Amino acid sequence: MFEPVLTKNVGNPAALTLKGYKKSGGYEGLAKALQMEPDTIIEEVKKSGLRGRGGAGFSAGLKWSFIPKNITPKYLVCNADESEPGTFKDRLLMEYDPHQLIEGCAICCWAVQANICYIYIRGEYTKAATILERALKEAYEGGILGGSLMGSGFKLDMYIHRGAGAYICGEETGMLESLEGKRGQPRVKPPFPAVVGAFGKPTVINNVETLCNVPHIITRGADWYKSIGTDERNTGPKLYAISGHVERPGTYEYPIGITFREMLENAGGMYRGGTLKAFIPGGASAPILPASQIDIKMDFDTVAKAGSMLGSAAVIVMDETTCMVRSVARLAKFFNHESCGQCTPCREGTNWMELLLKRIEHGEGTESDGRLLLSICGQIGGNSLCALGDAAIGPVKSLVERFYPEVEQHVRERRCPFPQRRHFQNGA
Amino acid sequence: MSVSEPKVTSTGLPPAAKAELDEIRKRYPTDEAALLPALHIAQRLWGGWLPDEALEAVAAELGLPVSKVYGVVTFYDLYHQKPVGRHRIRVCTNLSCQLRGSEEIMEAVREELRVEEDEVTPDGRCSYVHFECLGSCDTAPMMMVDETYHENLTPRRVRDILRGLK
Ligand SMILES: Cc1cc2nc3c(=O)[nH]c(=O)nc-3n(C[C@H](O)[C@H](O)[C@H](O)COP(=O)(O)O)c2cc1C
Ligand code: SF4
Ligand code: FES
């Protein structure tokens, strides 16, 4: 039986306090880490196979090892922007176990010798920010943060920085710009943030869930961590945020690589007894998979091989009543709204994709629209500064390539073949 | 003829807000980095939106050009440049909520408030907009009223919630 690791304190409100968190074994990882050489910690995290949970799946230990030793100050920026449609797992971690995140951040800071950590949290998450703020205050008062990290003599300050509503600030360099008080427009890379990051200094940027894994790796060891998951490249516990047409949407923790079928069953099966048509395995940026992929293992490499990505592991489930054109049109609207506008292919292309998809949805599409959409995808792909451009074409390409008969049907019948679904009778 | 910067007429932020901001400024190596927090404070003070006067006050406080502050304000969805209702309603209409009936929620809001999106009710009580994913897709459909998430909505619950707003 798999015992929850990251969510073990969900349902244990005592863990919101420093005392309760410590009672659940909290801050043991930090205590142990402070007895270790920083480089040994980095090696251990590398060895665990922990890959970033924010979307890109990059090795956390490797990222930390890129931080130059001879430049000060250094920063950690925790990415709590969580704005990828379908994703709500980081909110759970912050609202139910804030100290776990603080501990993970503290270990990372010690490992890379960063004296300041900013937790960049999306502006809408006021509840999570309040809970974190309270936990930070307790950690300062309890002698964990501040002038001497848990009595080690290492100075560590940790602050919350609230965003103001912009998806692009989840992109790591957009986030740095925003932290510095600017418009959140991504930077040209290289230089990478590990060398020139926040305020021009070396900076680690990691996702909330990534950092929450760290205390457990230190406490229980890389070998234990690696024993969970599919293989050497896909290790550890993973949060999956499942929503859409399922009976019991929610955040579920599993060993990485559980099949989509199992996940669906544990979420109570399809909403109101519907039939699976399609699902998105990793948030709005991930290409859509057809129902025939139901037995896919939900790990980084298997999902990539199937022509999508695990991304933020936000799983959106769609039943047979769903219009794929309409769904993708909604995502296209999102990307058009969120494009920061710096690169012409992304700014103009996302706009055209939204317009074309709306026109098809409303029965005004033409036979060449599918080809036109693919051609726009081709012009955005690889021609934009940050990954938002590529993200925006993911769902659109998968619509044209995997669900083309539905696009054709809209054009042929000159209307949307899927009647508008009513979810509520008499307002209830 | 010379072009000059528009005159800053503002007297800055009131003392309590200034003190709050001064505390926050210490966290960053530059004053500019305190701009987002400063705008959050200003928006709270100015009743949920940022008139030019507020931008000028923030600019003066942080020693930044007003044009720079303006550029930042226009970039972010949570800053408003025109008056909003006393209560601000954001209905999520992104995919997970759309799959669970967010259109019917939008309809219910419109019917109840009898104004269009982004308009303020005649009594100044409410304004509403559709919004991108708010990270609560497991409780779809949902909306945010001021700082509070309202989850697992039905049109009837929407009416009850809206009628309860003072
Ligand atoms: C448009 C865009 C939005 C992103 N949004 C987020 C986000 O909300 N949260 C997050 O952790 N990572 C997000 N990322 C990924 C980050 O750029 C970065 O890879 C991540 O924070 C690194 O942390 P990790 O290695 O721990 O995953 C986004 C990337 C892009 C291109
Ligand atoms: S790809 Fe799009 S979002 Fe990214 S920098 Fe260019 S315009 Fe901005
Ligand atoms: S799609 Fe509505 S909260 Fe995520």
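Quick notes on this one:
- Label zone at B:Arg86, where the point sits 7 Å out along the Cα-to-Cβ direction: region B:109-147 residues whose backbone N lies under 13 Å: B:121-127
- Three-way shape label, region A:59-158, alpha-carbon gyration tensor, a/c 1.5: oblate
- For B:His87, nonlocal amide neighbours, meaning residues 5 or more places apart or on other chains whose placed amide H falls under 5 Å from its own, are B:Cys126, B:Ser127.
- For chain A, share of DSSP beta bridges that run antiparallel, in % to the nearest 5: 45
- Derived scalar couplings ³J(HN,Hα) [region A:366-375; Karplus, 6.51 cos²θ - 1.76 cosθ + 1.60; whole Hz; x for Gly, Pro]: 10, 5, 8, 4, x, 5, 4, 4, 5, 5
- Region A:384-428 shape via C-alpha gyration tensor axes, a/c threshold 1.5: oblate
- Projected label points at A:Ala304 and B:Asp123, each 7 Å from Cα along the beta carbon direction, are separated by 5.7 nanometres.
- Using a Gaussian network model of chain A in which every pair of alpha carbons under 10 angstrom is joined by a spring, one finds that among A:Pro73, A:Pro193, A:Pro237 the greatest mean-square fluctuation is at A:Pro73.
- Per-residue shielding of B:138-144, expressed as the average number of other chain Cβ atoms within 10 Å of the residue Cβ, stands at 4.
- Inter-chain neighbour count for B:39-47: the average number of beta-carbon atoms from partner chains within 10 Å of each residue's beta-carbon is 1.
- In plain terms, if you count all Cα to Cα distances in the protein assembly as shown and split them into 10 Å steps from zero, the share in each step is 3, 17, 27, 28, 18, 7, 1, 0 percent.
- Near A:Tyr75, the amide H atoms lying under 5 Å from its own belong to A:Thr203, A:Val204; only residues 5 or more places off or on other chains count, and H is placed 1.01 Å from N.
- The separation of region A:184-200 from region B:85-99, counted between C-alpha centres, amounts to 33 Å.
- Links that overshoot a 19 Å alpha carbon limit, given the list A:Lys69/A:Lys189; A:Lys8/A:Lys89; A:Lys47/A:Lys305: A:Lys69/A:Lys189; A:Lys47/A:Lys305
- Hz values of 3J(HN,Hα) by residue in region A:410-423 - Karplus curve (6.51, -1.76, 1.60), Gly and Pro given as x: 4, 5, 5, 7, 6, 6, 7, x, 9, x, 4, 7, 9, 8
- DSSP-defined antiparallel bridges as percent of all bridges, region B:11-144, nearest 5: 35
- A:Ile160 long-range amide H proximity, modeled H, under 5 Å: A:Ile119
- Ordering of A:46-52, A:278-284 by burial proxy (mean other Cβ atoms within 10 Å per residue, highest first): A:278-284, A:46-52
- Charge dipole of chain A (Cα centre as origin; +1 on each Lys and Arg Cβ, -1 on each Asp and Glu Cβ, all else neutral): 420 debye, rounded to the nearest 20.
- Cross-link reach list, aspartates and glutamates versus B:Lys26, counting only Cα pairs under 15 Å and skipping chain neighbours closer than eight places: A:Asp157, A:Glu180, B:Glu61
- With the simple spin-label model, which puts each label point 7 Å out from Cα in the Cβ direction, the A:Ser65 to B:Arg163 separation comes to 6.4 nm.
- Prolate/oblate/rounded label for region A:16-85 (Cα gyration tensor, a/c 1.5): oblate
- Exercise: per-residue mean of other protein chain Cβ atoms within 10 Å, B:27-36: 6
- Stretchable slack from A:Arg412 to A:Thr275, in nm (0.36 nm times residue separation minus alpha-carbon distance): 46.8 nm
- Under Karplus coefficients 6.51, -1.76 and 1.60, residue-wise ³J(HN,Hα) of region A:217-229 in Hz, glycine/proline x: 5, 5, 5, 9, x, 5, 5, 4, 4, 5, 6, 9, x
- Counting neighbouring beta carbons within 10 Å and listing from fewest to most, the residues B:Arg25, A:Arg330, A:Arg412 come out as A:Arg412, B:Arg25, A:Arg330.
- Straight-distance crosslink candidates among lysines, where the alpha carbon sits under 16 Å from B:Lys68 and sequence neighbours closer than 8 are dropped: A:Lys182, B:Lys7
- Helix-only [θ]222 nm of chain A, DSSP H runs n ≥ 4, -39500 (n - 2.57) each, per residue, nearest 500: -12500 deg cm²/dmol
Every read-out reported here was derived from the displayed coordinates using simple, explicitly stated rules and does not represent laboratory data. Small disclaimer: the values here were computed from a predicted structure and weren't measured. Cβ coordinates were reconstructed from backbone atoms using ideal geometry, including for glycine residues, and neighbour counts include every protein chain displayed.
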